[in-house]
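Below: the structure, in structure tokens.
The values are calculated or read from the model by the stated rules, or taken from the named source; none is laboratory data. In this text the structure is predicted, and so the values were computed from the model without any measurement. Reconstructed Cβ throughout: ideal geometry from the backbone, glycine too, with neighbour counts over all protein chains shown. Remember, those area values only see protein heavy atoms, side chains included, never the ligands or the DNA or RNA. Shrake-Rupley method; radii C 1.70, N 1.55, O 1.52, S 1.80 Å.
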Amino acid sequence: MQSSSNDPKGILDIKAIREMVASGRGKEIWRSFDDLVDSDQFLEFVKDEFPRQASLANALSRRDFLKVLGASLAFAGLSSCAPRTGEKIVPYVRPPEELVPGKPLFFASAMTLDGYAQGILVRSDMGRPTKIEGNPKHPATLGASDIFMQASILDLYDPDRAQVVKNQGEARNWVDFTTATVPQVAALGGNKGAGLRILTETITSPTLGDQLRALLAQYPSARWHTYSPVGRAEEHAGAAQAFGEPVDAVYQFDRATIILSLDADFMFRTPGSLRYQRDFGLRRQALPETEEMNRLYVVESSLTLTGSNADHRAALSARQVETFARAVAGRLGIDAGAADTAGLPGANWLDPLVDDLRSHSGASLVIAGDRQPAAVHALAYAMNQALGNIGQTVIFTDPVEPALTNPVGTLSDLVQDLDAGSVDMLVILDGNPVYTAPADLHFAESLPKARQVIYLSMYEDETAALAHWHIPATHFLEMWSDARAYDGTTSIIQPVIDPLYQGKSAHELVAFLLGQPNAKGYDIVRAYWQAQSQAANFEQAWQQALSDGIIAGTALPPRPVTPTAGPAAPASSPAADALEILFEPDPTIWDGRFANNSWLQELPKPLSKLTWDNAVLVSPILAEREGLADRDVVALTYRGRTVEGAVMIQPGQPENSVAVTLGYGRSRGGKVLEGTGYNAYAIRPSETPWFGDGLEIRKTGRRYDLATTRDHSSMEGRDLVRTADYDEFRQNPDLFPHEESNLPSLYPEDVYPDQAWGVAIILCSCVGCNACVLACQAENKSPGVGKQ
Amino acid sequence: MPQVFRPGANLFARLSIAALVVVLGVGAVVGLVWYPRSDLGTGVNDPIEQPFPYSHALHVGGLGIDCRYCHAMVEKSSTADIPSTETCMSCHSQVATDRPTLQLVRDSYQNGQPISWNRVNNVPDFVYFNHEAHVAKGVGCETCHGRVDTMNVVYKAETLHMEWCLQCHRNPAEYIRPRANVFDMGYQPQEDQRALGEQLVSEYKIASAVQLTNCSVCHR
């Protein structure tokens, strides 16, 4: 770290890199440009990573050593001599069922990310949850887990969590809150709840959806608004355009041989990505002659996990993806308007791609990314239709989110109401909207205009600072709830530990608004499912659902729909070299909710290997053009707003696209998140939340230290990782002979009479999600080291 | 100048030094060797008073209740357990419901306060002892805990010192009994213990003495 951080010669020598790549002499596997050209900085860094033995400057003299040894010897024998220890042994009065001291119990539950459930098994040691794994019975995980599932256990024990109900900064309790708020709730009834607003994030919980419906029925003039900084808004808009009604797309990657991703990070970004990774991996392994290995084409606007696993990848600006999509659609016979592909990266493989897709009708898949506009999604559905994929690799289901089948307002509607002064009570169910709202809405200025703001969240964050009442939320391991996965499968979320603090769940807060201040989450959820259940023996069905982690039969069935409306005419395309900004959820912090989780802060992001900060990701060509070096602080100006961040040169980033990640630069909410990164929400507008051009980038002359593990663990010239072509391997399975070490050893040879153990990782299936890294840290409770 | 010391003073000095050495030696032997192994020093055979007079002699010897009815975790867990109040109440909600000596149990069940027993058999905190492993490999309850079925008040039957544990760990065949007899009190081996022991050691896959006396088996 020392040598390359403040080096003024950090400016990239593009010529040297180009020469090295062109000559073919360079390394086939490299982790950074420094590594590739073996620059002086890199070689020094490698030397510093494992410094030679430090000199024993303060070594003990022999005499002192013996003195210390003697003292410890004196202590050694004394402690076990006491005949009567005087210890007490205290058993339970009524022991918990099935609990064997020292052995863990596993409970099935679910964790939600962006509202969508992922089934988990929680390991509980003597009543305390200690580890989370995937639930093998749950379709969204099949026993696998991702980084957020692994790290979320740390959030349960986070000391920075909100612990008490607070009224404008003063500690109170739930009874104070209900007593003080009941008259206001009663007053709302006067004009049918016209002053009541509920703001939630994306929710899939059937119970909560039902409660909110009941609330809106009780207060017909109240409104429910949803806002999610990440979410699937573009996808839903695309479905509305293509089908005229809300539907969700569910993909089956295990049936797809040729996959085209139009800026879709399906291995990380979408709900269901964990299952998609798994299914993709199944077809990626070199199976016997019966099944073909799959092939992934990706066009994307930043280097993502999916792109890093692609067989063919092109980096385009986000706005060019639509042109590419139209070009492909046109070749497949869909009327998609003109597409000028001159100079488009990846244009040279358009024809082979289309041939591949056509020759695998019914076994191909076209998926559009969550940040692409509705038109691209509609085009993707139309292409799947033309290729006969619908019903095979893509199925369409009813929408999973209850908000799509209820009249909900948007955040800008809420801001309008706030500014008009018509909001008496605003109840915010988690989400930290003051931090995540688009900058042009000025939500933080409008929020205080509500007469009463009640905010439920786990941390005392930016929104809690502006709320009148802050209710601490329970962690998902402490509460009763339910949620639906990407395919509709519903799981009951059951607690594994009593709430550690005075937390309440969203169900309990909404129940209070419905007139039941002391309702318990368990009763609410159970009552909902009992009303829904058609089983003869509800108790048995309930116990079965809790034991399995899924409610049988809740996966949404495929709906036979066909894309009807043709994709709209293409919008005017701007100048090809206008600089574009791209907003992405952060690969380890997501939208900011995990910013106080030190494991995730320290986890190197899969591709940039950055820790503890976010960076402005630019392509090497752009860096050369603007004279940017790693760790330069630049000012990004977009639509009149500016934010400053440190640059990181990312190979694979498209030439004219600058990627910024969301979730950093937070000002409140815990000790871990202080001073990390810059806040990209400050320049994110609501009209173009994902990408747009007109970005200006300007060097400030300052530098900022970024901690990255990019150059760690260099192989230093040893040939440890071998690669080969699939065809080469098929012809000669013995391409990589087993090597024996013939060096003599002092140790006796190991004998394995019964069984020998080993661990194999199928690197074909490894996508680089880093869940294994976090799982190791969670299992072994390794401490983090911090940025320095 | 007259002599300060009488002629016999040299002899006296030598004898007293010798006596001192002998006393120190005997003291060392007594204090460091004999005492830590004695009943006085280890608390063996010394009954420990408990919050109320639970009698194993009555329940195990007299009524014939198996060890596992109360100490249910010995076969499943590394930590042995003392029965919960609920276990006592499983019988005493119907049997001897008026007896005054059981008031503590009834109170505990009623108000949720656990009974604080005084520990009899214990090993230091730096030792990891796993009950499940021993019971599964054929070490009888009686081998370490003595004839519990004759104890009115429980006393420690063995020193539980490392030296004592090593006796068996170095030579398991001498002490192992068939799994079916682990919970028997007053068990006498039928055949020659040596021969039976050797056979059981190989049948139960008990590790060799070298492996069993590895430090990290107990000191984890």
Would you check if residue A:388 is out of contact with any helix residue (DSSP H, G or I) (no Cβ under 9 Å at 6 or more places or on another chain), at pLDDT 90 or above and at positive phi? yes
Quick check: anything in the stretch B:151-163 within 14 Å of chain A (Cβ to nearest Cβ), of a type in the set (Ser, Thr, Tyr) and not in a loop (DSSP other than H, G, I, E, B)? yes
Could you go through the stretch B:62-74 and let me know if any residue there is within 22 Å of residue A:126 (Cβ to Cβ), touching a strand residue (DSSP E or B) at 6+ places or on another chain (Cβ under 8 Å), open to solvent by less than 60 Å² (accessible area, probe 1.4 Å) and part of a loop (DSSP other than H, G, I, E, B). no
Filtered residues of the stretch A:389-416 (kept if of a type in the set (Gly, Ala, Ser), open to solvent by 10 Å² or more (accessible area, probe 1.4 Å) and farther than 17 Å from residue A:559 by Cβ): A:403, A:412
Just checking, how many residues over the stretch B:174-191 are at pLDDT 90 or above and of a type in the set (Gly, Ala, Ser)? 1
I'm trying to understand the selection: among the residues of the stretch A:351-367, which are among the hydrophobic types (A, V, I, L, M, F, W, C) and within 12 Å of residue A:259 (Cβ to Cβ)? A:353, A:357, A:363, A:365, A:366, A:367
If you check residue A:240 against the conditions, is it open to solvent by less than 20 Å² (accessible area, probe 1.4 Å) and modelled with pLDDT under 95? no
If we scan the stretch A:108-124, do we find a residue that is within 30 Å of residue B:89 (Cβ to Cβ), out of contact with any helix residue (DSSP H, G or I) (no Cβ under 6 Å at 6 or more places or on another chain) and within 14 Å of chain B (Cβ to nearest Cβ)? no
Considering only residues that are within 13 Å of chain A (Cβ to nearest Cβ) and of a type in the set (Ser, Thr, Tyr), look in the stretch B:16-45 and name the one that is surrounded by the most Cβ atoms within 10 Å (Cβ to Cβ). B:42
Return the residues of the stretch B:46-60 that are under 19 Å from the mean Cα position of the chain (by Cα) and under 22 Å from residue B:182 (Cα atoms); say none if nothing qualifies. B:55, B:56, B:57, B:60
Failed condition for residue B:194, given (1) at pLDDT 90 or above; (2) of a type outside the set (Ser, Thr, Tyr); (3) in a helix (DSSP H, G or I), with all others met? (1)
Selection status of residue B:48, closer than 17 Å to residue B:153 by Cα and either at the interface with another protein chain (Cβ under 9 Å from one of its Cβ atoms) or surrounded by fewer than 13 Cβ atoms within 10 Å (Cβ to Cβ) (or both): yes
Determine, yes or no, whether residue A:50 is away from chain B (no Cβ under 14 Å), at negative phi and either modelled with pLDDT of 70 or more or open to solvent by 60 Å² or more (accessible area, probe 1.4 Å) (or both). yes
Considering every residue within the stretch B:82-96, establish whether at least one is surrounded by 13 or more Cβ atoms within 10 Å (Cβ to Cβ) and touching a residue at least 60 places away in the same chain (Cβ under 8 Å). no
Kindly indicate whether any position in the stretch B:49-69 is β-branched (Val, Ile, Thr), in contact with a helix residue (DSSP H, G or I) (Cβ under 8 Å, 6 or more places away or on another chain), free of Cβ contacts under 8 Å to residues at least 24 places away in the same chain and closer than 30 Å to residue B:107 by Cα. yes
Looking only at the stretch A:558-586, how many residues end up being among the aliphatic types (A, V, I, L, M), modelled with pLDDT under 85 and touching a Phe, Trp or Tyr at 6+ places or on another chain (Cβ under 7 Å)? 1
Out of curiosity, is residue B:147 open to solvent by 70 Å² or more (accessible area, probe 1.4 Å), under 30 Å from residue B:213 (Cβ atoms) and more than 14 Å from chain A (Cβ to nearest Cβ)? yes
Flagged in the stretch A:601-635 as of a type in the set (A, V, I, L, M, F, W, C), over 17 Å from residue A:577 (Cβ atoms) and part of a strand (DSSP E or B), in numbering order, are A:610, A:616, A:617, A:629, A:633, A:634, A:635
Take the residues in the stretch B:99-136 that are outside any loop (DSSP other than H, G, I, E, B) and facing chain A (nearest Cβ under 7 Å); name whichever of them is most open to solvent (accessible area, probe 1.4 Å). B:109
The strands (runs of 3 or more DSSP E) lying wholly within the stretch A:77-190 that contain at least 2 residues that are of a type in the set (D, E, K, R) are A:116-125, A:128-134, A:170-172
Residue tally, condition under 29 Å from residue A:18 (Cα atoms) and open to solvent by less than 10 Å² (accessible area, probe 1.4 Å), over the stretch A:662-694: 0
Regarding residue B:59, is this residue more than 24 Å from residue B:160 (Cβ to Cβ), surrounded by 14 or more Cβ atoms within 10 Å (Cβ to Cβ), more than 9 Å from every other protein chain (Cβ to nearest Cβ) and modelled with pLDDT of 90 or more? no
By residue number, the members of the stretch A:97-128 that are open to solvent by 60 Å² or more (accessible area, probe 1.4 Å) and either free of Cβ contacts under 8 Å to residues at least 40 places away in the same chain or more than 36 Å from the chain's Cα centre (by Cα) (or both) are A:97, A:98, A:103, A:106, A:123, A:126
Positions within the stretch A:732-788 being loosely packed, with under 10 Cβ neighbours inside 10 Å and polar (S, T, N, Q), in sequence order: A:741, A:742, A:745, A:755, A:780, A:788
What are the residue pairs meeting all of these: first residue in the stretch A:386-410, first residue touching a residue at least 24 places away in the same chain (Cβ under 8 Å), second residue assigned to a helix (DSSP H, G or I) and open to solvent by less than 50 Å² (accessible area, probe 1.4 Å), Cβ atoms under 6 Å, and 6 or more apart or on different chains? A:387/A:357; A:390/A:384; A:394/A:384; A:402/A:209
Where residue A:162 falls short, out of the listed (1) closer than 30 Å to residue A:401 by Cβ; (2) within 14 Å of chain B (Cβ to nearest Cβ): (2)
Would you say residue A:251 is hydroxyl-bearing (Ser, Thr, Tyr) and open to solvent by 10 Å² or more (accessible area, probe 1.4 Å)? yes
Of (1) within 13 Å of chain A (Cβ to nearest Cβ); (2) surrounded by fewer than 16 Cβ atoms within 10 Å (Cβ to Cβ); (3) free of Cβ contacts under 8 Å to residues at least 12 places away in the same chain; (4) in a loop (DSSP other than H, G, I, E, B), residue B:79 satisfies every one except (3)
